[in-house]
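Every number in this text was worked out from the coordinates using simple rules, so none of it is lab data. Computed from a predicted structure; not experimentally measured. Every residue, glycine among them, receives a Cβ derived from its backbone with ideal geometry; neighbour counts consider all protein chains shown.
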Amino acid sequence: MPSSPSRARRAPVSADPTPASLGFRMPAEWEPQAAIWLSWPHKRASWPGHFRPIPYKFAEIVATISRFQDVRINAALPLQRRARALVAKAGADLKRVTFYNHPTNDAWCRDHGPIFVKHDRTGEVALTDWKYNAWGDKYPPYQHDNQIPPRIARALGLRRFVKEMVLEGGSIDVNGRGLLLTTEACLLHPNRNPDLNRSQIEQALRDMLGVHTILWLGDGIVGDDTDGHIDDLSRFFQEDGIVTVVETNRRDKNYRILQENLERLRSLRTPQGRKFKLVELPMPKPSFCDGQQLPASYANFLIINGAVLMPAFRQPKKDAEAAEVLAGCFPGRQIIPVDCLELVWGLGTLHCISQQQPA
């Protein structure tokens, strides 16, 4: 439940010293979670001509997550009555679902939400608040989305670290032990931080997220309007293991992109000087909407307590193959395919709409 107003007012804002200097780090996604954050969908233009099923899909996802842990949802008050009804109808454990009166422009909480950090010694959970510009000012307005991190900090009474640099949560992935995976196509794109060079961006990531090594891949997949988010490409599944999508059809537009990224991964080394354990994840067959190739990728999975939610695309053979690969990466976790063919019409799926809060 939201904290009392008196506690919320005491939430401090910190810019200096940095989270890393104070002992905070961004946990890996497989570490224990307190909740998953979502932003309730309402912007029809994000799924042009195909919005009708999206709130029902969100409700299904809320219900699935609520079997395992709390779900916290940003939604302006006028949206909440219908959202609650849909979530209840989907069979959610309502004791684990909390709505917050946090207006948003869009539903992509991974990118406009906070990136949480944790202090291992004290157990304190805090959040980092970066600038958000809708992937290079592609989809204004986004003023409400930019207010989600401070609103969450006030609601939960969490310490907030502010950084005046554009960063989306979907553009990074961490192993929780000092390594961060990202792409040049996104973080070095001039529509994000034109005044910052690679070394300055790397230092900001170290200072804010408690990492020490930045691992760079190249381009993102075809159809990805985020300029190459890592969460459609390659993800850590253990401290020294990375699962990465590959395309076997040489005629596919993604073939060369993904082969080049695979070669980069093969050249990377752990801090101990060893090769990473690489697991290849298939790509689904290309999906299109209104003639546009969609960024459908099995790498956009979401890890929660006890389970992994995997995007599925109504391709039984490919979906099953991907689920088998992820089951090998996450023993002891239930692999739950979620039909995302309609969701990906908005150019993102499960990881894009969610943000984990560590326990």
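Seen through its C-alpha gyration tensor, with square-root eigenvalues sorted a ≥ b ≥ c, the range 48-170 comes out oblate because a/c lies at 1.5 or above while a/b is not bigger than b/c. Summing charges over neighbours of residue 267, with a neighbour being any other residue whose Cβ is under 12 Å away from its Cβ, gives +2 when K and R count +1 and D and E count -1. Measure out, as a whole number of angstrom, how far apart the alpha-carbon centroids of the range 324-352 and the range 294-316 sit. A separation of 1 Å, based on Cα centres.
Full extension of the chain between residue 280 and residue 94 gives 63.2 nm of extra length, using 0.36 nm per residue less the Cα-Cα distance.
Calculated mean residue ellipticity at 222 nm for the chain: -7500 deg cm²/dmol, from DSSP H runs with n ≥ 4 weighted as -39500 (n - 2.57), summed, divided by the residue count and rounded to 500. Full extension of the chain between residue 259 and residue 222 yields a length gain of 12.0 nm, computed as 0.36 nm times the residue separation minus the alpha carbon distance.
Charged side chains reduced to their Cβ positions (Lys and Arg at +1, Asp and Glu at -1) give the range 18-358 a dipole of some 740 debye around its Cα centre.
To make sure I understand, if each residue's beta carbon is the centre and we count other beta carbons within 10 Å, what order do 93, 106 fall in, fewest to most?
Working: 93 16, 106 21.
Listing 93, 106 from fewest to most nearby Cβ atoms yields 93, 106.
Quick one: grab the alpha carbon gyration tensor of the range 313-359, order the square roots of its eigenvalues as a ≥ b ≥ c, and give me rounded if a/c is under 1.5, else prolate or oblate depending on whether a/b is larger than b/c. Note, shape of the range 313-359 comes out oblate.
DSSP bridge analysis restricted to the range 18-358 gives an antiparallel fraction near 45%, rounded to the nearest 5.
Among 21, 46, the order by Cβ neighbours within 10 angstrom, fewest to most, reads 21, 46. By the count of other C-beta atoms within 10 Å, a proxy for reagent exposure, 30, 37 are ordered fewest to most as 30, 37. Number of Lys-Lys pairs in the chain with C-alpha atoms under 15 Å apart and a separation of 8 or more places or on different chains: 7.
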